[in-house]
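In what follows, a structure is listed as structure tokens, so that the remarks can point back to it.
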Amino acid sequence: MQDNHAEHEQKAWRALFASDPDGLIACPSCDTLHVAAAVAPGQVARCKRCHFALIAPRRDTLDRTLALALTSAILMLAVLGFPFLTLSRQGLANEISILGMIGELAHGWYMLLAIAVAMFVIGLPMLRAAALVYVVWGLRRNRAPRAARHVFRLAEAIRPWAMTEVFIIGTGVALVKVAGLARVSFGAAFWIFCVMVLVLALKNASVCRWTIWAMIGGRNS
Amino acid sequence: MRARDMGWIGCHNCGAVHDKGSRSCRTCGARLHGRLPNSLQKLWAWLVTGVFFLIPANLYPLISNEVFGHEEGHTILEGIVVFAESGDYLVAGVIFLASFVIPAFKVLVIAILALSIQFHWQLDRRVRHLLYEFVEFIGRWSMIDVFVVALLTGLVHLGAILAFLPGVGAICFALSVICTMLSAQALDSRLIWDGVENE
């Protein structure tokens, strides 16, 4: 009886696969099969076994992602151009930008730290933003750019390595450490950086992987 | 029903379902694997490297400060004690969590996940999955201390009065964080739900 039931289920899955293989999703997190259903914007379809967010469409996901990615890039330019923090003690003042800080570090083996900061805080977040702009720009004009698959996979792979929000918490800790030793005042770049962290978080939330893959794959959903 | 039970391959990247024998995903172009090959070997290799870097990271000074030419170095734990002694309990707590508790806990959790898969331990899968998600989420936050060192060194230059110099511990710690992040990423989470390791 039990076997009969399993056989029946397998048969049903096979029929679904034969009629439209793209109508099925195997949960990337646990391999459980699902039938892809239409999900309303703002709703999330989760895996019934591991609760991985399979489909989480947003209203105007393309426009929103494009706008937020471009905004984050502009804010980053501003962050790099303006002073980040100013330190003063006993008449000596030192005003420095993030780029200046990286430049100060770039000597000898400290270079490794400079590279780490440049990569995790500036390079990778901007590379991800650029990759998303490339993919989304093309999709908005109803055709996936030639390299869209590689570029979107790259954008997703970079995600855990973009650490702007970790850096801002680090700034807080550093300020406490210096507080007793020198007077600190915030530059424009500090506040712009805070806004940028917010914009990047909104951007990450506006990307629905399933929707974008479906579009790149030439499906309408 | 899993894709594997049907003899199909689910793309680990985008979830598209494929016939057995397919090589690359028609939707996202990723190489298809029933389960990622050598997932656990890669996990162990990165994890052991990460633990290896954690030792000098805790023994050598993370940062030293030079106040009026007098240089003084602090390891991670000494730094936490300094914060606590000066009354900044919140910051001491944040650093204690990010630089000490989380790295140690993370290594432990990754090891438990790998062992439970390898030896088919009867751990609740939901619990294992929660642990996995926790490790994936928390990994990057350990970088806080590295950024603090970079900020202090790069920002604070007040002539002879005050300067910070990074210690060897900082770079070892950063490498350890990177290795353990790669270790967690090497794990094919589908193995957690199989309870069977193969391919």
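The values are calculated or read from the model by the stated rules, or taken from the named source; none is laboratory data. Small disclaimer: the values here were computed from a predicted structure and weren't measured. Glycine gets a Cβ as well: all are built from the backbone with ideal geometry, and neighbour counts include every protein chain shown.
Being within 13 Å of chain A (Cβ to nearest Cβ) and aromatic (Phe, Trp, Tyr) is the filter here; which residues of the range B:57-111 pass it? Result: B:Tyr60, B:Phe68, B:Phe83, B:Tyr89, B:Phe96. Scanning the range A:146-184 for residues that are facing chain B (nearest Cβ under 9 Å), charged (D, E, K, R) and touching a residue at least 60 places away in the same chain (Cβ under 8 Å) gives a single hit, A:Arg149. With a requirement of 2 or more residues that are surrounded by 15 or more Cβ atoms within 10 Å (Cβ to Cβ) and more than 22 Å from the chain's Cα centre (by Cα), the strands (runs of 3 or more DSSP E) lying completely within the range A:1-84 that satisfy it span A:24-26, A:33-35.
Exactly one residue out of B:Ala186, B:Ala163, B:Ala111, B:Ala150 is touching a strand residue (DSSP E or B) at 6+ places or on another chain (Cβ under 9 Å) and surrounded by fewer than 24 Cβ atoms within 10 Å (Cβ to Cβ): that is B:Ala163.
For (1) touching a His at 6+ places or on another chain (Cβ under 8 Å); (2) assigned to a loop (DSSP other than H, G, I, E, B); (3) modelled with pLDDT of 95 or more, each residue gets a yes or a no:
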site	(1), (2), (3)
A:Met111	no, no, no
A:Ala131	no, no, yes
A:Pro145	no, yes, no
A:Pro160	no, no, no
A:Thr171	no, no, no
A:Trp213	no, no, no
A:Gly218	no, yes, no
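For the range B:46-55, the condition holds for at least one residue, the condition being that it is assigned by TED's automatic domain parsing to the domain that holds B:Ile171 and in contact with a Leu (Cβ under 7 Å, 6 or more places away or on another chain).
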